[in-house]
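Participant: Mind looking over this structure? Questions follow.
Bear in mind these aren't lab numbers, they're just calculated from the coordinates by the rules spelled out. A quick note: this is a predicted structure, and the numbers were derived from the prediction, not measured. Here the Cβ is made from the backbone with ideal geometry for all residues, glycine too, and neighbour counts use every protein chain on show.
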Amino acid sequence: MHEVFANLAIGGATALSAANLLYCFLGVLLGTLVGVLPGLGPVATIAMLLPATLSLPAESALIMLAGIYYGAQYGGSTTAILINLPGESSSVVTTLDGHRMAQQGRAGVALSTAAIGSFVAGTVATFVIAFLAPPLAQVALKFQAPEYFSLMVLGLIASIVLAQGSLLKALGMVVLGLLLGLVGTDVTSGTQRFTFGLPALSDGINFVVVAVGVFGIAEIVRNLEAPGGQVVSVAQVKGLLPGRDDVKRIIAPILRGTATGSLLGVLPGGGALLASFAAYALEKRVSRHGGEFGTGAIEGVAAPESANNAGAQTSFIPMLTLGIPSNPVMALMIGALIIQGIRPGPNVMVEQSGLFWGVIVSMWVGNLFLLVLNLPLIGLWVRLIAIPYQLLFPIILVFSSIGVLSLANAVMDVYLMAVFGVLGYAFAKLDCEPAPLLLGYILGPMMEEYLRRAMTLSRGDPMIFLERPISLGMLVAAGLALIVLLVPVVRATRQRAFVEE
Amino acid sequence: MRNTGSKDVLAGLMFLAFGVLFWLLAQGYPMGSARRMGPAYFPNLLALVLILIGGVTTVRGLLSRSTPLGPFAGKALLLVTVAVALFGFAVEGAGLAVATILLVVVSSAAGSSLKLPAAMALALALAAFCVVVFRLALGLPFPIVGPWLGG
């Protein structure tokens, strides 16, 4: 207990420096700004803005990126409530009751409920991280190559299990991602692999290029499929503060949502999406107003909004302590760490305690910024929502291209982004989820290295993965997850969970 | 999710193609042994797994009922891709300003409602913004007007 506060104090020293407060604020502002723009999810937003953080010191970069993340999430909820258009998948359920509330003239209350719920959830989740992270990192410090390899297998499998759509295709995407991640110079032997003799590929393909292409460019083309130019009607926002009655009704849902979200966020592949769906379903069942769900029940906004914010934050736990991304956003964060020259894993907490705790404290600060930023600035966000997509997508393309160009001042990266855009569109058309690909892409080189080391350790005997208890445990868990998925009942439920609205 | 026939077939073929490509390329590198893995060992393994997944996906797709792919935004895909490639092609030679204008004008044709004069205005505004912010303020090392245009 005492230690937790000591650690939070270290974090406070980092997060509350004037410069980092500014970057946190900038991150939250930019994140919300891009988040409310239609057709840009958090992954594309972060990938696009990531080059802007590269010149910053590592902790400022990460603080700003984290700010962009929950800013983008909050922006997504705002569009969900006001125009019935979820900015990203985790605010899909918010449209159900949130937009109904807006239609009933209670948009302001819905928005402030989302903001307050997110803030409470963020505060609680910050403490959850502060309590959970050190013991987890302690365990992880005992890991050796075999454990890491098995952990990555488990992480990748879990990301598939919790992803949408066909299991087999998601598995294919993971393997394809792992392979693409190996493009470039092999660290052990110095061999150039899969570079087609191009010097520009000898350092591999920057993951930002892959992410912007597959998530950003492909998304633009998808949005252009539908005949555009439709005018969206934005609900009027007035009466921001919830009444006493509302406050009474949202306390319990916010707390339950926070608990659900904190728990599910830690799971690999979980994060905000699963959290918001589960919290909504749970609330519908336990709430006294369960019957009103879908008709503008305030609980239906409070619970999932708290849950997705809590989940978004606790998904940092496996990323920061184990170096394992639980979702594409965390994969981008790991990529950012690597670019900054920090090797993700349990050592980060020991060697970079300022960064580690600074990021955690900044989450709370960022949530506070969100609360004070979003409600007063709602008028500005509303105006941004109304920007027609026809005007918006060329602007997004320009910023994406220049962002990618600025990574290494290499024109080749722009061409590669275009290639990955085409690939990403093909993936989308074929119902192949891009998220597992990105996770595989980040983990590919690391997995190979741990596999090599483990096999050297065991003199070429693959049984090493089964002989070491922790490694065995993780492989068994991965196997179980796959088997459970093949059980027809679970399969049907999983399909329904994602198809439902 | 039973009716994803043709999508599954195409996805399977895509995995197969990537698997075969990576497998073929991997054969050119030293394989090593399980104890001392060469650069080809892990990719070789992964490529074989991908070929297997691709094969199973294809067969399963062939056995299930097929459904159409849905709308395919060929024109938008082409225009967006060409616009981005043009930007990359022009940014060194013709400069940041021209590259940005090209990117905006070509890509905006992928949308339906933006007319050329409006696109041109947007392009000029964005080019000015990018030159000021990225070239002048952030020092992106690409010329405003490139050598092709005497800059």
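Participant: On each of the three principal axes of the Cα atoms of chain A, give max minus min coordinate, whole Å, ordered largest first.
Facilitator: On the principal axes, chain A reaches 68, 54, 50 Å in Cα extent.
Participant: Continuing with the same structure: Which net charge results for the neighbourhood of A:Ala137, defined as the other residues with beta-carbon distances under 15 angstrom from its beta-carbon, given Lys and Arg at +1 and Asp and Glu at -1?
Facilitator: -1
Participant: Here is a follow-up. What is the spin-label model distance, in nm, from A:Glu3 to A:Ser55 if the labels are put 7 Å beyond Cα along the C-beta direction?
Facilitator: So the label points at A:Glu3 and A:Ser55 sit 4.0 nm apart.
Participant: What FRET efficiency do you get for A:Leu480 and B:Ile144 if R0 is 60 Å and r is their Cβ-Cβ distance, rounded to the nearest 0.05?
Facilitator: Computed FRET efficiency for A:Leu480 and B:Ile144 comes out at 0.50.
Participant: Here is a follow-up. What's the exposure ranking of A:Thr295, A:Thr123, going from fewest to most Cβ atoms within 10 Å?
Facilitator: Ordered by Cβ neighbours within 10 Å, fewest first: A:Thr295, A:Thr123.
Participant: Let me ask you something else. Give the lysines reachable from A:Lys248 as a straight Cα distance under 19 Å; neighbours fewer than 8 places away on the same chain don't count.
Facilitator: Candidates past the 8-residue exclusion: A:Lys284.
Participant: Suppose R0 equals 45 Å. What FRET efficiency, 1/(1 + (r/R0)^6) with r the Cβ-Cβ distance, do A:Ser189 and B:Val132 give to the nearest 0.05?
Facilitator: That pair, A:Ser189 with B:Val132, gives E of 0.45.
Participant: Calculate the spin-label point distance for B:Gln27 paired with A:Leu391, positioning each point 7 Å from the Cα along the beta-carbon direction, and give it in nanometres.
Facilitator: About 5.7 nm, to one decimal.
Participant: Then there's this: What is the distance in Å between the Cα centres of the range A:447-479 and the range A:285-330?
Facilitator: After rounding, the separation between the Cα centres reads 34 Å.
Participant: Within chain B, what's the longest run with no trypsin sites (Lys or Arg not before Pro) in a DSSP loop and at most 16 other beta-carbon atoms within 10 Å? Give the range, please.
Facilitator: Answer - B:66-114.
Participant: Moving on to the next point. Projected onto the charge dipole of the protein assembly as shown (+1 at Lys/Arg Cβ, -1 at Asp/Glu Cβ, origin at the Cα centre), which of A:Ala140, B:Gly111, B:Gly95 gives the Cα projection farthest towards the positive end?
Facilitator: So the residue we want is B:Gly111.
Participant: In addition: Sum up the charges of everything whose Cβ sits under 13 Å from the Cβ of B:Gly38, counting Lys and Arg as +1 and Asp and Glu as -1, but leave B:Gly38 out.
Facilitator: +2
Participant: Fewest first, what order do B:Phe87, A:Phe316 take by the number of other Cβ atoms within 10 Å?
Facilitator: Sorted ascending by nearby Cβ count, the order is A:Phe316, B:Phe87.
Participant: Rounded to two decimal places and with Rh computed the Kirkwood way over Cα pairs, what is Rg over Rh for chain B?
Facilitator: When Rh is taken as the Kirkwood radius, the ratio is 1.20.
Participant: For the pair A:Arg383/A:Asn409, report the inter-label distance in nm, with labels modelled 7 Å from Cα in the Cβ direction.
Facilitator: Here the answer is 3.7 nm between the modelled labels.
Participant: Okay, next question. Less than 15 Å Cβ to Cβ from A:Ala426, Lys/Arg counted +1 and Asp/Glu -1: what total charge do the surrounding residues give?
Facilitator: Once positives and negatives cancel, what remains is -1.
Participant: In debye to the nearest 20, how big a dipole does the range A:345-501 give about its Cα centre with +1 on each Lys and Arg Cβ and -1 on each Asp and Glu Cβ?
Facilitator: 160
Participant: So, one more: Check cross-link reach from B:Lys7 to the aspartates and glutamates: straight Cα distance under 19 Å, and skip same-chain residues fewer than eight apart.
Facilitator: Reachable aspartates and glutamates: A:Glu219, A:Glu225, A:Asp431, A:Glu433.
Participant: So how much slack lies between A:Leu240 and A:Ala200, counting 0.36 nm per residue of separation and subtracting their Cα-Cα distance, in nm?
Facilitator: 9.1 nm
Participant: Can you return the lysines within cross-link range of B:Lys115? Criterion is Cα-Cα under 18 Å, with same-chain partners fewer than 8 residues away left out.
Facilitator: B:Lys75
Participant: Also: Using the beta-carbon distance between A:Ser17 and B:Ala118 and R0 = 35 Å, what value does 1/(1 + (r/R0)^6) give for FRET efficiency, to the nearest 0.05?
Facilitator: The formula returns an efficiency of 0.20 here.
Participant: Sticking with this structure for a sec: Provide A:Lys248, A:Lys169, A:Lys284 in ascending order of the number of other Cβ atoms located within 10 Å of each residue's Cβ, fewest first.
Facilitator: A:Lys248, A:Lys284, A:Lys169
Participant: Looking at the range A:36-142, which trypsin sites (Lys or Arg not before Pro) are DSSP coil and have at most 10 other C-beta atoms within 10 Å of their C-beta?
Facilitator: Loop-located and lightly packed - A:Lys142.
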